[in-house]
Amino acid sequence: MKSIIRNWIKALLFPRPLIGLIYLPRFFSHYLKYAQALRGDSLKISEMQPCLGDWTTHTPFDAHYFYQGAWLARCLKSQVPKRHTDIGSSVLMIGVLSGYLPTTFVDFRPIKANLTGLTAVAGDILALPFLDNTIESVSCLHVVEHIGLGRYGDPIDPMGSCKALAELERIVASKGRLYLSLPIGRERICFNAHRVHLAASVLKMLPGMTLIDFSWIDDSGVFHEHDEISVTNDQEYACGLFLLEKP
């Protein structure tokens, strides 16, 4: 009984809350049709695991995370560093990157994974375990906007994002590159989820870095490559992809 209740609750909450109600008639129609086609074999109601939100004409995806991973992979393919270091980004993306590029993954909550090419390190983005000016290639995607809000067990700090960016700047080597993404648009604090900054404000918090290229995902989920940061000022919750280099 517990598994039945759990499976139905999950079906009505994921991937989109309550949208599954629309598909209940189709679900039961398919269930009856399948049961009749079994010709004597039975379907156990106790083992039902309804998936109600997947009947779509296109495969849905989170535009920020899909495009930022694709952007980083293409940047690294053209740059080909000897080793890449990532600070707290998507573990799914890091698992793929480490398949063709030796990768060190640093996270406040270290990942427990065993993969060739992947080195997992416990670390705090406000006190990274690296010397000044030593890392050739660093990425930090959709991370710094959370720092200091307590969401992931980190200490409360209104200057969290600014301090995190300063720490990233500190470890990048001369001629090294930083691949950075975070929400951009109308500046605000959405406590305790994240902060949103104007793209120009992000650059001001990285005075020792030079912007090499800028791409972004707009409020509608459309990806724009090699653009100007000024065109993003009217956005509400876009995603800026900053390719920066330390002189």
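The values are calculated or read from the model by the stated rules, or taken from the named source; none is laboratory data. Bear in mind the structure is a predicted one, so any value in this text is a computation, not a measurement. Cβ: placed from backbone, ideal geometry, glycine included. Neighbour counts: every protein chain shown.
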TODO: Among the residues of the stretch 10-22, write down those that are at pLDDT below 85 and either over 26 Å from the mean Cα position of the chain (by Cα) or of a type in the set (S, T, N, Q) (or both).
DONE: LEU21
TODO: Filter the stretch 107-127 down to residues that are part of a loop (DSSP other than H, G, I, E, B), in contact with a strand residue (DSSP E or B) (Cβ under 9 Å, 6 or more places away or on another chain) and under 21 Å from CYS162 (Cα atoms), then give me how many there are.
DONE: 4
- [ ] Return the total of residues in the stretch 73-106 being under 21 Å from ILE171 (Cβ atoms) and either part of a loop (DSSP other than H, G, I, E, B) or touching a residue at least 24 places away in the same chain (Cβ under 8 Å) (or both).
- [x] 20
- [ ] Determine the pairs where a residue that is touching a residue at least 40 places away in the same chain (Cβ under 8 Å), located within the stretch 8-23, has a partner that is among the small types (Gly, Ala, Ser) and surrounded by 12 or more Cβ atoms within 10 Å (Cβ to Cβ) with Cβ atoms under 6 Å apart, the partner being 6 or more residues away or on another chain.
- [x] ALA11/GLY20; LEU12/GLY20; PRO15/GLY53
- [ ] Run ILE9 past the list (1) outside any loop (DSSP other than H, G, I, E, B); (2) surrounded by 12 or more Cβ atoms within 10 Å (Cβ to Cβ); (3) not assigned by TED's automatic domain parsing to the domain that holds GLY185 and report the number of the one that doesn't hold.
- [x] (2)
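Out of SER220, SER174, SER181, I need the residue that is in contact with a His (Cβ under 7 Å, 6 or more places away or on another chain) and modelled with pLDDT of 95 or more. Which one? Before the answer, list the steps.
On the way: SER220 fails: in contact with a His (Cβ under 7 Å, 6 or more places away or on another chain); SER174 fails: in contact with a His (Cβ under 7 Å, 6 or more places away or on another chain).
Result of the check over SER220, SER174, SER181: SER181.
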